[in-house]
Each structure stands twice: as structure tokens, then as C-alpha cells.
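The structure appears below as C-alpha cells.
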Protein chains: 2
Amino acid sequence: MTTAKDDLLSIRQMCDVFDVTPRTLRFYEAKELIAPLRRGTARLYTYRDRARLKLILRGKRFGFSLEDIRQLLDMYDRAPGQQEAQLRRTYELAADRLAQMERQRAELDEAIAELKDQMAWGGNVLAGFRNAAE
Amino acid sequence: MTTAKDDLLSIRQMCDVFDVTPRTLRFYEAKELIAPLRRGTARLYTYRDRARLKLILRGKRFGFSLEDIRQLLDMYDRAPGQQEAQLRRTYELAADRLAQMERQRAELDEAIAELKDQMAWGGNVLAGFRNAAE
DNA sequence: AGACAAGTTGACGTGCGCGTAAACGTAACG
DNA sequence: CGTTACGTTTACGCGCACGTCAACTTGTCT
């Protein structure tokens, strides 16, 4: 079962696809991070909602708060037809984020290198154990 | 003022250097992430404490919980002189972390690329504003 | 129509990462 | 000697990101 671009997903389907709970989706909606359609009272999640949720979960993995993420999302789709001043602010906010993410990338590389070092060391000790055991 | 390797820092000095509050340092100590010396009742932070705190703050920036970080730290210095079984567990835990960080790195690259795209688009719109304004 | 799953809106509870205030110790300075 | 600066423990509080009921409605199947 593939999720086509114009599929409308129920809350349960969303939960299965993204491994979150209904509570989480309603919470994100209350915080205005997503805004699914309604068929009667029931929620229907569009492709746009799915794209946004993907970005939300990614942002979380990088340690951004939901409020941070909300502002980023607003940028992603409120950009067209905006006032110049607003757009400039948004642009600079994005530039800040970008810088932050690139610093984070550099740090992550460093951390990975250190961890690899440490593991090589531990690997040697384990090799020593194997030698001593014959 | 440089911090030499064998300097012992007061809690206030630590806070200034790492931009955290005393509460934060005591909290980390309560959670057994650091264990400063004591002169009387007062805390004295060694080079080792500083190294650990650096790792703690880095880990936080990557969205790890304090408990996650504590386990990583334990690995970093409890490794020597450990039982083989223990060390093996530790080693595999580290391998998992490494994989996690490398996935995170790939995702981060993707996110950076997307954000750059979005910014290029916004940059064009802003250029249009500047054209229309003469 | 009856039953049952799936969804809805409150409302309160929970774990984490600290903030903040109260009350106290202690060492140095004028 | 008092006070000022810096530190300590103990304890309650708070914001965030949800979990967990409870009570109710809304299709869906037979």
C-alpha cells in the first residue's frame, strides 16, 4: 500500500505511518503546526499535512522546540504573497537557522570522530581478551 | 585568563565559562553526570569535570536525554579495567549511538540542502521587490 | 435496530530539565 | 565584630511534550 500524493489519511493511518499517537497529532494541531481537513468532525490528513509532520519530526530529532518548528513551517508556505518587510525577517531567521545547523553539522562530525576513536580503543581491548583466551 | 589543565574551578567560574547556572551543575551532579571534588562542602571542578560538561552540553544540542548522556559518559572513562561482558555491551551501545549519529548527519545534510533551496527561492522574491522599486 | 470500532473533546496526570525562594554555613574584609 | 560575598541543602514550582482516562458522537457492519 503506497500513499499517493492526493490520498487523505485518517488519524490512525497517520499514526501507523509516522509512528506517533493520536494525542500527538491533536496536540500539534492545537499548537497550530498542522491543520487537517475535516469530514464532519473527523480529521483528514492531506499530503501537505504529511510533509509538515515529516519536517516536525525531523526538527524534533535535532532538538528544536515545537515553537521553533512552527515558525520554520510558517516560513515554508506563508512565503508567497508576503510583504517585503515580513519576508526579509523570515529570510534572516532562516539564515540564522542555517548557520546554526551548519555549526551543528561541524560539531556532529567532531563527535562522530571522537566516538570512533573511543571505539577503536575499546575494540583493541576486546581483541586482547580474545588473544588471552586461547 | 586561560584555564590550565590542572586548574580547579569554583562553581561560579564554571558557570561563566560554560554559560550555565549553578542549579544546572548541581542538577547534573545529582543525576551523577559529574562528580566534582569538595573543599569542605564547596565544589571544585577539575579538568575531567570540564571535559565531561563539554560532552554533556554537546549531547544536549543533539537532542540526547541526560540519561542517554550519562551512559555515554560512563563508557568514556569506566572502560579501562572492565569485565569483557560489560565492555562488549558498552561497545555495542556505542555502535548503536554511532549509527544513530550518522543517520542524523545524513538527515541534517538533507535538511540543510532543503533550507538552502527555500532560501534561494525567497532570495529571488526579494530581488524582484528590489527591481520593482526603481 | 443493535453492536462495535474509530474518532471527538475536555480535563487531569506525568517525566524531564531545570528555576526559584528559604534558610543556613563560612571565609575574608574593613 | 558585623556584613558582604559566595557557597550549601531542601523543597516546591514551572513549561514543555505529551499520556491517560472519561464521556460522548459518528460512521460501518450485520
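A few notes on this one:
- Inter-copy label distances at A:Ser10 (7 Å, Cα→Cβ; nm, one decimal): 6.5
- Cβ nearest the rotation axis (A onto B), residue from chain A and distance to the nearest whole Å: A:Gly63, 2
- Most mobile of A:Leu115, A:Leu93, A:Leu37 in a GNM of chain A (Cα contacts under 10 Å): A:Leu115
- Efficiency of FRET between A:Thr3 and A:Asp77 - r from beta-carbon atoms, R0 30 angstrom, step 0.05: 0.90
- With the label put 7 angstrom out from Cα along the Cα-to-Cβ vector, B:Ile112 ends up 1.0 nm from the copy partners, going from closest to farthest.
- Entry note, chain A: the mean residue ellipticity at 222 nm calculated from DSSP H runs of n ≥ 4, each adding -39500 (n - 2.57), is -24000 deg cm²/dmol after division by the residues and rounding to the nearest 500.
- Of A:Leu9, B:Thr24, A:Leu53, farthest towards positive along the dipole that unit charges on Lys, Arg, Asp, Glu beta carbons give the protein assembly as shown: B:Thr24
- Highest-MSF residue in chain B out of B:Gly81, B:Gly122, B:Gly59 [GNM, Cα springs under 10 Å]: B:Gly122
- At 7 Å out from Cα toward Cβ: B:Leu93 inter-copy label distances (nm, ascending): 4.0
- Excluding ligands, DNA and RNA and using a 1.4 Å probe, chains B and A jointly bury around 4100 Å² of accessible surface, summed across both partners.
- Pairwise Lys count, the protein assembly as shown - Cα closer than 21 Å, eight or more residues apart or different chains: 11
- Reciprocal mean inverse distance between Cα atoms of chain A - Kirkwood radius, Å: 18.4
- Using a Förster distance of 45 Å, the FRET efficiency for A:Leu126-B:Lys116 (Cβ separation, nearest 0.05): 0.60
The values are calculated or read from the model by the stated rules, or taken from the named source; none is laboratory data. Since the structure is predicted, the reported quantities are computational estimates derived from the model, not experimental observations. Because the Cβ atoms are built from the backbone with ideal geometry, glycine has one as well, and the counts that use them run over all protein chains shown. All accessible areas refer to the heavy atoms of the entire protein, side chains included, with ligands and DNA or RNA removed. Shrake-Rupley method; radii C 1.70, N 1.55, O 1.52, S 1.80 Å.
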